[in-house]
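Shown next, in structure tokens, is the structure this report addresses.
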Amino acid sequence: MKRQIPVLLVFVFGVFMIFQYFSPHEYSEWIYKFLMDWIYIIGIFAMALGIWSLIHVSYDKIKNKRHDWGYSVVTLAALFIMMFFGITGFDENGEWGFYFMTQEGLTNPMFRNFFNHILVPIETTMFSLLAFFISSAAYRAFRARNVLATMLLVSALVVMLRFNPYFGEAVGLYMNKIAAWLLNVPNMAAKRAILIGIGLGMVGTALKVVLGIERGYMGKG
Amino acid sequence: MKKTTLIIMAGVTVLFLLSWIIKALALEGMQEDYIKKAFLVTFSAFLTLSILSFLYRDNPFYKFAEHLFVGVSAAFWMSMGFWSTIVGNLIPRLSQNLSVFFKVHYIPGDFNFRFYIPVILGLLLLMRLSRNYGWISRWSLAFIVGTTAGLNFIRYLRSDFIKQISATFVPLLVDWQGTGHFFSNLDLSASGQLVMMLANWTIFLGVMSGIIYFFFSKEHTGMFGRASRFGIWVLMITFGASFGYTVMGRISLLVGRITFLFRDWLGFNI
Amino acid sequence: MRYILIIFSLILITFSAVIGQVDPVVTDSLAPVPAPPAPVTEVAVSDKANDHGHALIIEWKRSLDDGAGSNAVMLYEIFRSEFPDSAFKMVGSVPLGNERFEDIGTIEKESRDYIPDNTNLYYRVDAVTIDPVVRTSSEVYGPVQSYSNWFHKGRVPVLTAVLIFGALMVYFVSVARKGTELYVRPLAGIAAVDDAIGRATEMGRPILYILGLGTADMISTIASFTILSRVAKQVAEYQTELIVPCYDPIVMTVAQEVVKSSYLDAGHPDNYKEDSVFYITTNQFAYVAAVNGIMLRDLPATNVYMGKFYAESLILAETGAVAGSIQIAGTDEVGQLPFFIVACDYTLIGEELYAASAYLGREPIMLGSLKAQDYAKAAVIVLMILGLLAINVHLNAFIEIFKVVD
């Protein structure tokens, strides 16, 4: 009961999805659309589980006064305040209430402030950290002392320095040409080899899942 | 908390307040709500610097920004999901009364009952929180995993497998009509025949040896080993090229953030 | 009175006759009335193949006055009716020069564009001149019916691949079940996982397992779950701490289930802590910020990254490298592989991620599926060589086999 029903469900729906690809029939398309809607809706219910876990872990930290518990207060406060602004707002009569989704999106001005002045700056700054990390990663590659890492580094350097003006026009020109060739030709070959491998790996894993051979996702490997 | 930490925190707070006042004075007369606007810009700058401070090492400012970010983003995602999916798509099909309450248009339909099924599956998923009936949530998971495994099985078989194979059917020999610009000015991007053949051979050998590298059930020795070795070389050269290619893009992201700090916050005309 | 009426009528008739004579001269000087064009011929209507029904294809031979003759045809209008002689409704038009129209309807009965399936339909095509009134209708074609197809003929290559691959898989799994020893070559990244867990135990530090940004239905995430279950089992045996921060709530739910039953399998169900697998947030960089924090504060001995990764891969892997952890990564996201290769100690490239779950388990059934994948790869190489030969000797029929209709 605990294991057979899920395996059966996986098999039935998995086989149906394979079948529907080959069958353009109205009925198979109709069921396909249902199933896609369903996955989407179930995902929304999972949100509750996620938020519950976040609250639970933070609360636990605060209650037991674990190291850095004060920051968990910040997380919980931010979560509740943002949720409050996220589900309340002004309605069309300018009255505050449990409603505010309109054509323009979420209209609560505080929600927008949180979005524009907390979410956006932190998000873009986190993203921009990549500039530093890619430099330190390049340095790490420099120190590598084996053939493979050297090959990686040399081709990275060729591509990185392709617009460098200090090599003089002639060298720069050829570097640019070689970089373009590297990005077009061997790149395509390697990507294709990887994609064929990935395709097979995915297909193999998916088939194992549908046939109930692979059950790792249910907690039984 | 250490004394130095407290001093630094106090110093940063004072600097933040000062910056707020100066920004407010600068905006006065130019914008309405200048005190609030000055606060928001200063706060954004504070958060930006807090995150950047991580590059030096972990510190209370980064921890604050990180925890704030986690809380706000989780709530943001939850609110958006609630309004767009539950209120926007589900409620109009489930109940007229709820539709009225949320001020959305009720969509009547013969098959609306079908939307109760995912709701039930969703509720089953929530059974995870129960100690004794948590296993029921596997039914919903099984539904999702089964459906998408079947879908992905076909999708990858078609796009990553069959299409990639047929794309590798390239002409290795062409009716010879000269080398093109290859020798005269080493033009690799020219459409000369030598270059085209070189590219096609590289693609063919690269794909073949790449696939050989991914063979698991045969030892990589002898001829097979050499092919696999060549395969990993091609992979590494490619990874290097795409690494080098990404560097410039990443640096431009940083430029964007620095522009914010200097222009929007500090008011430099750059 | 009667005479007056007769005389008045006569005057009126004479007058209108005069005007009538003048009239044509006036209109002539304004614009010529085009002569009706020649009709389209050989109208043929057929059901659109490989579809969900409610669609037909109309083909015809263009009018003699299209691009030739009097050059009068401007467009063709297509009409449909459920009766052979009346109630024709225009369903579309195409400019001159065309000889084909796809009448694609909706499946919703309420819609204006609904085309009923399995119902007799009649079509005609009008050749229309610049003056929409001046037109010539073709002969009515019909009856014809549209219908739904149960099988998409353009997808035979995919079906063949499914059957061959499925057969290979079933064969090798059954061979493996019988106990035949199957060889797989050693993979550095896999051996590293075992060592890394041992190292973490010795150092008394936790192991951080990152499932990536994928959702629970992505195959790479499913492969990662399987690897997680092995790692968790060993962690339970060694009694090391495991930290699994999650990006997606469903992934978290599954990961909890996976870790919990691994602890059970290892015989240490009491050591399982519900909070070792937890949710952070579904925002890429907020997740990264929090995981970075964990790396620097909890100082895990080993970081394992398996699954789907995007731009955050480099931030995570570099922070982990700075923190001095042993790092093992595996992803099928080609764009992120270079960053993992540079910043991690071991990286499973593409398919190796999928192979890893089979390797770690050493279960014969899983190894059987690896064997099937290898045979499929051998088939790919053979097909590629045949394809190359075919294209070089211009044998296009072979290449056509691989055409998949979307």
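The values are calculated or read from the model by the stated rules, or taken from the named source; none is laboratory data. As the structure is a computational prediction, the values presented were derived from the model and not from experiment. All Cβ positions, even for glycine, are placed from backbone atoms using ideal geometry, and neighbour counts span all protein chains on display.
Points worth noting:
- One residue from C:388, C:348, C:395 being hydrophobic (A, V, I, L, M, F, W, C) and in contact (Cβ under 8 Å) with a residue 12 or more places away in the chain: C:348
- Here C:375, C:305 are screened, and the one residue that is away from chain A (no Cβ under 13 Å), modelled with pLDDT of 90 or more and under 28 Å from the mean Cα position of the chain (by Cα) is C:305.
- Answer residue from the range A:177-221, given it is of a type in the set (A, V, I, L, M) and not in a helix (DSSP H, G or I) and is farthest from the other protein chains (Cβ to nearest Cβ) among those: A:211
- Only residues that are under 24 Å from residue B:216 (Cα atoms) and surrounded by 24 or more Cβ atoms within 10 Å (Cβ to Cβ) were counted across the range C:310-335, and they come to 6.
- Number of the condition not met by residue C:165 [criteria: (1) at pLDDT 90 or above; (2) part of a helix (DSSP H, G or I)]: (1)
- Assessment of the range C:49-62 against the conditions (within 17 Å of residue C:136 (Cα to Cα) and in a loop (DSSP other than H, G, I, E, B)) yields at least one matching residue.
- Per-region count, the range C:161-187, residues closer than 15 Å to residue B:216 by Cα and facing chain B (nearest Cβ under 10 Å): 7
- Scan of the range C:342-392 for residues that are of a type outside the set (Lys, Arg) and not in a helix (DSSP H, G or I), ordered by number: C:344, C:345, C:346, C:347, C:348, C:349, C:350, C:363
- Residues that are within 9 Å of chain A (Cβ to nearest Cβ) and modelled with pLDDT of 85 or more within the range B:88-102 comprise just one, B:90.
- Of the residues making up the range A:26-41, one or more are of a type in the set (S, T, N, Q), more than 10 Å from chain B (Cβ to nearest Cβ), out of contact with any Gly (no Cβ under 8 Å at 6 or more places or on another chain) and in a helix (DSSP H, G or I).
- Residues of the range C:98-143 that are β-branched (Val, Ile, Thr) and either crowded, with 19+ Cβ neighbours inside 10 Å or without any contact (Cβ under 8 Å) to a residue 24 or more places away in the chain (or both): C:115, C:125, C:128, C:129, C:133, C:136.
- Selection within the range C:266-305: residues that are under 27 Å from residue B:79 (Cα atoms) and without any contact (Cβ under 8 Å) to a residue 24 or more places away in the chain. The member of this set that is surrounded by the most Cβ atoms within 10 Å (Cβ to Cβ) is C:289.
- From the options A:168, A:172, residue that is part of a helix (DSSP H, G or I), at positive phi, surrounded by fewer than 22 Cβ atoms within 10 Å (Cβ to Cβ) and free of Cβ contacts under 8 Å to residues at least 40 places away in the same chain: A:168
For (1) of a type in the set (Gly, Ala, Ser); (2) surrounded by 22 or more Cβ atoms within 10 Å (Cβ to Cβ); (3) in contact (Cβ under 8 Å) with a residue 24 or more places away in the chain, each residue gets a yes or a no:
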residue	(1), (2), (3)
C:176	yes, no, yes
C:179	yes, no, yes
C:186	no, no, no
C:206	no, no, yes
C:210	no, yes, yes
C:220	yes, yes, yes
C:225	no, yes, yes
C:237	no, no, yes
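- Residue in the range C:269-285 that is on the phi > 0 side of the Ramachandran plot and more than 36 Å from the chain's Cα centre (by Cα) present: no
- Of the residues making up the range A:149-164, those that are assigned to a helix (DSSP H, G or I) and either β-branched (Val, Ile, Thr) or surrounded by fewer than 17 Cβ atoms within 10 Å (Cβ to Cβ) (or both) are A:150, A:154, A:158, A:159.
- Just one residue in the set B:239, B:262 is more than 9 Å from every other protein chain (Cβ to nearest Cβ) and free of Cβ contacts under 8 Å to residues at least 24 places away in the same chain; that residue is B:262.
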